[in-house]
Amino acid sequence: MRISPLFLSKLKGLMLISALVSESVVLVKRGKKFKGLCPFHNDKNPSMDVDDTKGRYKCWVCGEEGDIFDWEKKINTGGDFYAAVRGIAGRLNEKMPDDDSLPDDKKNVEIVSALYRAQYLYRHGLAKNSTAVDYLADRKSVV
């Protein structure tokens with residue numbers, strides 16, 4: 001079965017990679033990124049970065065890197081991409097699409113991906129900006 005790029009973009013926009021990785025690795029916040037021990041080699045010092053802004057992880061020792069689907073494949077589903085997508089969708093309570101009825105239009109995929117990334121930045125970034133929160137509180141807007 002072919003999975004729509006729009007559905008994959010939606011899942012990436014809804015799932016924080018740090019939340020997924022922290023299910024199996026202890027992560028410590030360091031600046032804008034998280035650090036942790038890499039599960040792909042015998043790691044004694046935290047060498048893996050997890051970046052929610054980019055939606056990616058990378059080990060600077062063994063070179064393993066990827067996104068939420070790569071992590072799910074390597075850690076939880078044993079290398080099956082479709083099972084990884086189902087696992088992520090299940091965690092997010094998203095129904096897997098029955099068929100790929102959407103057109104394979106690259107422009108639409110890029111636009112939808114940008115919209116999901118903007119939604120993510122707005123939802124997770126706004127609450128961290130005290131100036132913006134104060135401004136919205138003065139306007140009696142909901143944060």
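Data table
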item: Failed criterion for GLY55 (all others in (1) at negative phi; (2) surrounded by 15 or more Cβ atoms within 10 Å (Cβ to Cβ); (3) not acidic (Asp, Glu) hold); result: (1)
item: The one condition in (1) open to solvent by 60 Å² or more (accessible area, probe 1.4 Å); (2) closer than 26 Å to TYR122 by Cα; (3) without any contact (Cβ under 8 Å) to a residue 40 or more places away in the chain that PRO46 fails to fulfil; result: (2)
item: Count of the range 65-80 residues which are surrounded by 14 or more Cβ atoms within 10 Å (Cβ to Cβ) and more than 16 Å from the chain's Cα centre (by Cα); result: 1
item: Failed criterion for ALA118 (all others in (1) surrounded by 14 or more Cβ atoms within 10 Å (Cβ to Cβ); (2) under 16 Å from LYS12 (Cβ atoms) hold); result: (1)
item: Whichever residue in the range 66-113 is out of contact with any helix residue (DSSP H, G or I) (no Cβ under 9 Å at 6 or more places or on another chain), of a type in the set (Gly, Ala, Ser) and farther than 13 Å from LEU11 by Cβ and, among such residues, is modelled with the highest pLDDT; result: GLY78
item: Single condition CYS38 does not satisfy, out of (1) buried (at least 19 other Cβ atoms within 10 Å of the Cβ); (2) modelled with pLDDT of 90 or more; (3) touching a helix residue (DSSP H, G or I) at 6+ places or on another chain (Cβ under 7 Å); result: (3)
item: Helices (runs of 4 or more DSSP H) fully within the range 1-72 counting 2 or more residues that are among the aromatic types (Phe, Trp, Tyr); result: 68-71
item: Scan of the range 108-143 for residues that are farther than 30 Å from SER4 by Cα and either part of a loop (DSSP other than H, G, I, E, B) or among the aliphatic types (A, V, I, L, M) (or both), ordered by number; result: ALA127, ASN129, ALA132, VAL133, LEU136, ALA137, ARG139, LYS140, SER141, VAL142, VAL143
item: Counted residues, the range 1-31 - those being within 30 Å of ASN108 (Cα to Cα) and either in contact with a Phe, Trp or Tyr (Cβ under 9 Å, 6 or more places away or on another chain) or open to solvent by 20 Å² or more (accessible area, probe 1.4 Å) (or both); result: 20
item: Residues located in the range 23-40, provided they are in contact with a Gly (Cβ under 8 Å, 6 or more places away or on another chain) and under 16 Å from GLY66 (Cα atoms); result: VAL25
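The values are calculated or read from the model by the stated rules, or taken from the named source; none is laboratory data. Quick caveat: nothing in here was measured; it's all calculated off a predicted structure. Methodologically, a virtual Cβ is constructed for each residue, glycine included, from the backbone with ideal geometry; neighbour enumeration extends over all protein chains shown. For the accessible areas, the whole protein counts, side chains as well, though only heavy atoms, and no ligand, DNA or RNA atoms are used. Shrake-Rupley method; radii C 1.70, N 1.55, O 1.52, S 1.80 Å.
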